[in-house]
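Readers should treat all values here as calculations from the given coordinates under stated rules, not as data from a laboratory. In this text, all values refer to a predicted model and were calculated from it rather than measured experimentally. Virtual Cβ from ideal backbone geometry, glycine too; neighbours counted across all protein chains shown.
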Amino acid sequence: MEREFNTRILKTTMTIMEKYPELSKYIEEMHETIPNEDVPEITLRSLKAYLDSLNSMLDKYKVEHPSLSSLCV
């Protein structure tokens, strides 16, 4: 399951970098990428939360910028 989440995170991140590079600056600022613990543990829950955040950001951007989304097919 962890491998599947990592694969999907990589795929979504690559889509953002290739088709929507203007969003890449927000990836580093995402709450899920900034651990609030001294020794953060990567769990399936945290991977899912990160993937969900990436997808949410991408989906929202596509809705708000439909003309750009149609160019990136």
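General remarks:
- Gain in span if fully extended, VAL63 to TYR26, counting 0.36 nm per residue against the direct Cα distance: 11.6 nm
- Neighbourhood net charge (14 Å Cβ-Cβ; Lys/Arg +1, Asp/Glu -1) for LYS19: -1
- With 0.36 nm allotted per residue and the present C-alpha distance subtracted, the ASN55-GLU2 stretch has 17.4 nm of extension available.
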